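This report refers to the structure that appears directly beneath it.
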Amino acid sequence: MTARILDGKALAAELRAEAAAEAAAFSAEHGRAPGLGVILAGDDPASRSYVTAKEKACAEAGIRSREVLLPASAGRARLLDAVAELNAADGIDGILVQLPLPDPSLEDEIIEAMDPAKDVDGFHPANAGRVALGLPAFVPCTPAGIMEMLRRAGVPTAGAEAVVVGRSRIVGRPLSILLSRKGADATVTVCHTRTRDLAAHTRRADILVAAAGRPGTIAADMVKPGAVVIDVGVNRVPDATRARGYRLEGDVDFAGVSAVASAITPVPGGVGPLTIAMLLKNTVEAARRRRAAAAGKGAVRP
Ligand code: GUN
């Protein structure tokens, strides 16, 4: 079997066009564009390039973005000030704090300081809790993008055995919840670094999601023939033959697994582009909900 390639780039282009149309409609109705505030602390090159890509995508979609750039030395007080300023800014509908922070021990407090109604990453406990309860909420962008990809690619989830490798707050944990919720209805297993026999679990998967952050996590003999394999890994592997000195590799042995799976996402060009597309969608949605609340149509609910 040669797996069908699930083209995240093409799907992201569709989603971005939808977000642009929604942003244009919002701007026409309210006389201003939806706004995203981005906090970037430190000079980690990967974080810098993600933030630049997010800002460029906003500009292309007609979303205004405002960057708050802080030095790596910025402590708790400066980070909290930046969040408070964006919480209070009327033209800012969504807030994104790029993770990891230079001091990751501050992340929980900084995320909790965000107004949940502006938390377009879906990281605030109020949104995470609402996602777990199946209530309307901002859903973290990468899991939301993966669910959209499964839907639009016609991959059935109801009754499917789904195995998620990785339990991060950004991807594995929320995705496992989304897959098991009513409407998606998969039977979900979450594997992690302490899982005893990873291959025994992955071999049962109709839908296998690799979100471990480690190249080579999933080899061909760990995949059930015909499975749908979603590779969330974005690993920078040193490579002297590349001008930038590294290449991007997923968590999955793409060549080997392509011969076994029925469908697979490539890296790059699979899940990655969906994250930014869903951020645009969430930002427009935040803008709409804030306007609806301001017009007296109820409390601002994420
Ligand atoms: N770091 C890695 N992924 C993400 C993401 O989706 N959002 C934010 N804010 N930081 C990240």
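Each value in this text was obtained by applying a stated rule to the coordinates, not by laboratory testing. The model shown is predicted, which means the values in this text are computed figures rather than measured ones. So basically every Cβ, Gly included, is an ideal-geometry build from the backbone, and we count neighbours across all protein chains shown.
With angles folded into 0 to 90 degrees, how steeply does helix 45-61 sit against the dominant principal axis of the chain? Use alpha carbons for both and round to 10. Helix 45-61 sits at roughly 70 degrees to that axis.
At a threshold of 8 angstrom on Cα-Cα distance, excluding pairs fewer than six apart, so keeping six or more, what relative contact order does segment 133-199 reach in percent? Working shown, then result.
Values: 80 pairs, mean separation 22.3, N = 67.
Computed value for segment 133-199: 33 percent relative contact order.
Relative to the current alpha-carbon distance between residue 99 and residue 161, full extension at 0.36 nm per residue lengthens the span by 19.2 nm.
Calculated over the chain, the projected area of the Cα convex hull averaged across directions stands at 16.0 nm².
Dividing the alpha-carbon radius of gyration of segment 59-181 by the rule-of-thumb value 2.2 N^0.38 Å gives 1.18.
If the segment from residue 84 to residue 67 were pulled out straight at 0.36 nm per residue, it would be longer than the present Cα-Cα gap by 4.7 nm. Ranked by the mean number of other Cβ atoms within 10 Å per residue, highest first, peptides 7-19, 203-215 order as 203-215, 7-19. Principal-axis analysis of the Cα atoms of the chain puts helix 76-88 at an angle of about 70° to the longest axis.
A cut-off under 14 angstrom between Cβ atoms defines the neighbours of residue 263, and their net charge, with Lys, Arg +1 and Asp, Glu -1, is +1. Sorted on the mean count of surrounding Cβ atoms within 10 Å across their residues, most packed first, peptides 37-50, 154-167 read 154-167, 37-50.
Model label sites at residue 220 and residue 152, defined 7 Å from Cα along the beta-carbon direction, differ in position by 3.1 nm.
Highest mean first, the peptides 229-240, 178-189 sorted by other C-beta atoms within 10 Å per residue fall in the order 229-240, 178-189.
For residue 108 and residue 241, a Förster radius of 51 Å and the Cβ-Cβ distance give a FRET efficiency of 0.80, rounded to the nearest 0.05.
Note on segment 136-226: Cα-Cα pairs beyond 20 Å make up 30% of the total pair count. Each principal axis of segment 3-89 carries a Cα extent, and these read 45, 42, 16 Å when sorted largest first.
Principal axis extents of the C-alpha atoms in segment 87-138 (largest first, rounded to whole Å): 33, 27, 14. Only DSSP H runs of four or more residues enter the estimate; each adds -39500 (n - 2.57), and after division by the residues of the chain the mean residue ellipticity at 222 nm equals -12500 deg cm²/dmol.
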